[in-house]
Amino acid sequence: MRDLLLLISVRFRIIRHGAREFLGSSRLRVTVVIGLVVFFWLLMFAMFYDAFRFLHGGFLGISGILIEYLFAFLFVSLLVMMAISDAIIAYASLYRSGETEFLHSLPLRAENTFAYRGADSMVFSLWGVGTLVIPMVLAYAAIFPTTWYFLPFALALSVLFILFATELGAFFALVVGLFLPRGHRKALIGLAVAAVGAAVLWGVPIGAKLQESKFNEAGIRYVINKTSFCQHWALPSHWVSRGMLAAAHGDLSEAAFLTALLLANVLFLGMVTYRFAFYGYRLSWCASRGMSRRSLRGPESVFWKAVEGALLPLPLRLRQLVLKDMKTFLRDPSQWSQFLLFFGLLALYVLNLPRFNLDQLQPYWHSMIALLNLGAACLTLATLTTRFVFPQLSLEGRRIWILGLLPLERKVILWGKFLFATAGTFLISGTLIALSDLFLKLPLWALAAHLVVTLCVCCGLNGLAVGLGALYPQLGTDNPSKIVSSFGGTLNLICSICFIALAAAPVVAPLHLKMIGKLEGAPFALGIGAGLGVVAAVAALATLIPMLAGARAFARMEF
C-alpha cells in the first residue's frame, strides 16, 4: 500500500504542476478554455431550470412522479455511459500506455499499478457529473423547496457514484484484458452481437406497441412500464436518485441509509476489483504483450487485399500511408471502440426511424426531422474529428522521426491522413444520412443535397483537424485525452462548431421551404445552387487554409 500512496502523491504533483503550467500559459488559451466550460455549464443549468419550471408550473400534481423518472433515467443512463467509457479509458491506460509499461519494470505490486492507472478514467466521470448532475441538482433546488442538507447529500452521493462507475469500468477492462487478449476477436464480436441482439429484443416490442397504439394512453403506459427498470431497487443509480430526492423532501433517515448503502457497495466493489487485480492483472498484461497466433493468410489478409484494391487509384506511397493509418486505428481498441460507440448510438436511432409511424406526419415535420438528423450527424463528426483525427500526428510521438526519413514530402503525409479521415467519416456518416432520408421518404434531390453537405462538412472538419494538429502538436504524450484537451484541441473544436454553423445555414432555408411547398421552380434552383456554392466555398477554405498552414509548420518541424 505504501507504493500506491507514493504513486498517488506523484500524480497529485503532476496535476499541480500541470495546473500551474496551464494558468501560466497564454491568457487567450486560459480564457477560451474556461469560458467554454462556463458557457456549457450555464447552458445545461438553463436547460434543467427551464424543464423544472415547466413541470412545476404546468404539471404540479404529477411533477413528483415525473421528476423521479427523470432523476432515475438520467442516473441509469450516466451509469451505463460512464461504465463503458471508463472501461475503454481504463483499458487504454492499463494495457496500451507507455507509462504502465515503465511501472511494470519497477518493484511495484501489480495490483497497485492497476489501481493507479485504472483511476485515469475518473476524469471522464468527473466531467460527466460536473456538467450534468450538478447543474440539474442546483436547478432543482432553485425551483422546488428543499432542505438545508440536500446539497451536501447530493455532493456525497455524486462522489460515491463517480467512484462506483470508475471501479466498474476498471473491473470490466481487467475482464477484457484477462479473457479476451489480443487475437481473441471472435469472442469479442460474439459479445457485441449478443448485446445488439438484446437491445433489439428489448426495443422492437416497444416500437411495435407504439405503432399499434399511435401514442395513446395505453401505449404511453406500456412504454413507462418497459422503462421502469431504471427504478429497480438493486441499481446503484436508483440509490443515488432516490437518496437525493429523499434528502430534498426531508427524509433524512432514508437519505442516510441510501448513502451508506452506496458507500458499502463502493468499498465492496473496490475490494473485489483490487483482489481480482492481485491475481489476474500481471497475467493479463503479459498476455497482451504476447505474439498473436493468427495466420497471416486468414480472412484479415483478404480484407486488407480488398482495401488495397479500393485504394489503387492513389499513388503507391500515398496508398501505403493510408493503409498504415488504417491499421494503426484498427489495432487500437480504445480508438475504434469509442468510434463505434458514437456512431452506434446514431445508427440505432436511424434504424428505428420506421418504427415511429412517420407516414402520418406532415411534410413540415419530415423536413425538420431530416435537417435535425443532418445537424446531429455534423455535430457528431465535429466531436469525432477532434477526438480521433486531431491527435493523429501527435500520436506518432517519439517515432515521428521515421516519417521524416521517408522519401516523401511532408505535406504528402498530411494529405494522406486527411484522405484517410475524410473517406472513413464520409462513408459512415453519408450512409446514415442516406438511410435517414430514405426512411423519411424524402425526394432524391433532397437526399443528394444532404449528401453534398455531408461531404463538404467531412472535408472541412478533417482539414481543420489535420491542419491544426500539425500546427499545435503534442509529441511528448501518447494520451489522446491530453492532446485533445490542449489549446490546439480546444481551438479545433471551436473552429469545427463555427464551421458547421456556416456550412449548414445556407442550405437549410431553401431545402425547408421547398419541402413545405413555399419555394418552387427557378427561385428554388437559384437558392439551393447559391447555398451549395457557399457551402463548397466555406468547406474549401476550412480545408485549404489549415492544411497549408499545417504543412508549412510540419515542414519546418525539427525532430
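Assorted remarks:
- Highest-first packing order for the peptide set 164-177, 303-316, 144-157 is 164-177, 144-157, 303-316, based on the mean count of other beta carbon atoms within 10 Å.
- Note on GLU21 and PHE303: the extension gain reaches 96.9 nm, defined as 0.36 nm multiplied by sequence separation minus the Cα-Cα distance.
- Across LYS324/LYS411; LYS324/LYS482; LYS305/LYS482; LYS327/LYS411; LYS417/LYS514, pairs whose alpha-carbon gap is larger than 27 Å: LYS305/LYS482; LYS417/LYS514
- Spherically averaged projected area in nm², based on the convex hull that wraps the Cα atoms of the range 316-556: 13.4 nm²
- Rounded to the nearest 20 debye, the dipole magnitude of the range 316-556 is 700 debye, with +1 charges on Lys and Arg beta carbons, -1 on Asp and Glu beta carbons, and the Cα centre as origin.
- Sorting PHE278, PHE420, PHE390 by the number of Cβ atoms found within 10 Å of their own Cβ, with the fewest placed first, yields PHE278, PHE420, PHE390.
- Estimated FRET transfer efficiency when R0 is 45 angstrom, pair ALA555-GLN362 (beta carbons, to 0.05): 0.20
- From phi via Karplus (6.51, -1.76, 1.60), per-residue ³J(HN,Hα) for the range 71-81 in Hz, x at Gly/Pro: 4, 5, 5, 4, 6, 5, 5, 4, 5, 5, 5
- Only one residue of TYR349, LEU419, LEU442 has its Cα farthest out toward the positive end of the dipole of the range 316-556, where Lys and Arg carry +1 and Asp and Glu -1 on Cβ, and that residue is LEU419.
- Placing pseudo-labels 7 Å out from each Cα toward the beta carbon at LYS441 and TRP148 gives an inter-label distance of 6.3 nm.
- Coordinate range along principal axes, alpha carbons of the range 78-169, Å, largest first: 56, 21, 16
- Taking packing as the residue-averaged number of other Cβ atoms within 10 angstrom, the listed peptides 524-533, 247-256 run from highest to lowest as 247-256, 524-533.
- Signed unit charges on C-beta, dipole axis of the range 316-556, positive-most listed residue ALA525, LEU372, ALA536: ALA536
- Shape of the range 1-130 from the C-alpha gyration tensor: oblate (a/c of 1.5 or more and a/b not above b/c, with a ≥ b ≥ c the square roots of its eigenvalues).
- Under 5 Å from the amide H of GLN474 lie the amide H atoms of SER394, each residue being 5 or more positions distant or on a separate chain, with H modelled from the backbone and absent for Pro and chain starts.
Bear in mind that the values in this text are calculations on the coordinates, not laboratory data. Bear in mind the structure is a predicted one, so any value in this text is a computation, not a measurement. For neighbour counting, all protein chains shown are included, and Cβ atoms are generated from backbone atoms with ideal geometry for every residue, glycine included.
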